[in-house]
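Written out below as structure tokens is the structure these notes cover.
The values are calculated or read from the model by the stated rules, or taken from the named source; none is laboratory data. Since we're looking at a predicted model, the values are computed, not measured. Heads up, the Cβs are rebuilt from the backbone with ideal geometry, glycines too, and the neighbour counts pull from every protein chain shown. Ligands, DNA and RNA are stripped out before the accessible areas are found, and what is left, the full protein with its side chains, is counted by its heavy atoms. Shrake-Rupley method; radii C 1.70, N 1.55, O 1.52, S 1.80 Å.
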Amino acid sequence: MALITLGEVIAESKAPTVLGISDRAKIISYVKRALDLAMHKSNYNPWIGVLDMCSDACGYVTLPDFVESVQACNVGGLPAFFRDKWFEFSINGPGSNSWGAYPSIAASSGYGVGVGTSTFGGGGIGIGNTWDDRQTSPTFEDLTEPCALACICENPADAKAGLSLTVQGIVTSPDGYQQQALTTDPTDPNTPATAVFVPLAFDARGIATSDPKTTLFTRVTQVIKPVTQGYVRLYAVAQRQGAKLVLIGVYSPKETSPQYKRIRVSSARNWVRVMYRIKTPNLLYDYDVIPITSLDAMLCLLRAVRDYETRNYQEGDAALKVAVQVLNEIQSTQDGPCTINLMIDPAWGGVQADLR
């Protein structure tokens, strides 16, 4: 499979028959718009990947930043039925509670360290294996009891600069009875109206608390991070004797508002294989790879964008049609002869159906 870089496309697009411009920033803008035209025409191989991960004690799997959407899922090596993001609101399902019908078990189990530690999941067994779309999360672990937060940076310069993470979510009193939601300003989502600032510390042996009063979180809904020179790690620590720091998030230097795709499977602490679509890449450098395996198809997409911009829709549609045809032919060749067989779950037809 041929790899096409941004540098190649920029060089070719300067020709009068393609874009006929030399402004690098404008060409990159055209490339991004061209990819938008083709990204949702089909599931081409360059846009599909496979990950093997493990579900946590709640049955959750938090996927890396480059995952846009989940296409299919195996749980423990067996195919699983998909339940979309609306299932969270079904009266026949477990709802939004990570711990299903047993929230007290998480706190009373002997495993507790404050984050995803109960052996009871909230996925709902249902019919065979299932997986639910649980949208996005700024952390890859959930809190199961009130926890303080600490932030450790890998580069000491970030700590010396006095940087902090801005964390929003549900905070609680030490006794757990009084809870308050920390939200953003609706007129400007990037400007927190009420939030907790967690300072960046360099020495992992020192716990950087949220504030002098040690704010306790029961749920983290958003993390706003400044641009840093190194990676940043977010930890949670339960307010119990012997509780240890538990890693709940790792953020790259350029991440500023991390949100990761998340699913919930019907089996806790199990092997999960996920087929996913990648996000549209953020193209910056000449060596960045474009998820198109044909340079001719990419140039046709650029011509389509140019034609649409000048309201020459007929020519634009023709160029887009050629690009999609080339991509489909490449996909057909790579897939080879294959058939799609009718799939029937043997569990259906029984005397009882658990809709969870």
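So that you can scan it fast, the table gives a plain yes or no per residue for (1) within 30 Å of VAL324 (Cα to Cα); (2) not small (Gly, Ala, Ser):
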{"residue": "ILE21", "(1), (2)": "yes, yes"}
{"residue": "CYS54", "(1), (2)": "no, yes"}
{"residue": "ASP65", "(1), (2)": "yes, yes"}
{"residue": "GLN71", "(1), (2)": "yes, yes"}
{"residue": "GLY76", "(1), (2)": "no, no"}
{"residue": "ILE91", "(1), (2)": "no, yes"}
Subset of the range 64-94, residues farther than 21 Å from ARG269 by Cβ, among the polar types (S, T, N, Q) and either under 16 Å from the mean Cα position of the chain (by Cα) or surrounded by 15 or more Cβ atoms within 10 Å (Cβ to Cβ) (or both), comes to SER69, GLN71
Per the list (1) out of contact with any Leu (no Cβ under 9 Å at 6 or more places or on another chain); (2) open to solvent by less than 20 Å² (accessible area, probe 1.4 Å); (3) more than 20 Å from THR136 (Cα to Cα), residue check on ARG264 breaks on (3)
Of the residues in the range 52-63, those that are under 15 Å from the mean Cα position of the chain (by Cα), open to solvent by less than 40 Å² (accessible area, probe 1.4 Å) and not hydroxyl-bearing (Ser, Thr, Tyr) number 2
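Based on this model, can you work out whether TYR235 counts as in a strand (DSSP E or B), open to solvent by 40 Å² or more (accessible area, probe 1.4 Å) and at pLDDT 85 or above? Let's see the steps before the verdict.
Details: in a strand (DSSP E or B): yes; open to solvent by 40 Å² or more (accessible area, probe 1.4 Å): yes; at pLDDT 85 or above: yes.
When the stated conditions are applied, TYR235 passes them.
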Of those in the range 294-324 that are of a type outside the set (Lys, Arg) and touching a Phe, Trp or Tyr at 6+ places or on another chain (Cβ under 8 Å), the residue surrounded by the fewest Cβ atoms within 10 Å (Cβ to Cβ) is ASP307
Of the candidates PHE140, PHE120, the one satisfying the condition of being in a loop (DSSP other than H, G, I, E, B), open to solvent by 20 Å² or more (accessible area, probe 1.4 Å), touching a Phe, Trp or Tyr at 6+ places or on another chain (Cβ under 8 Å) and modelled with pLDDT of 85 or more is PHE140
### Task
Would you be able to say whether some residue in the range 15-32 is within 30 Å of ALA72 (Cβ to Cβ) and surrounded by 12 or more Cβ atoms within 10 Å (Cβ to Cβ)?
yes
Regarding ILE290, is this residue of a type in the set (A, V, I, L, M, F, W, C) and closer than 27 Å to TYR231 by Cβ?
yes
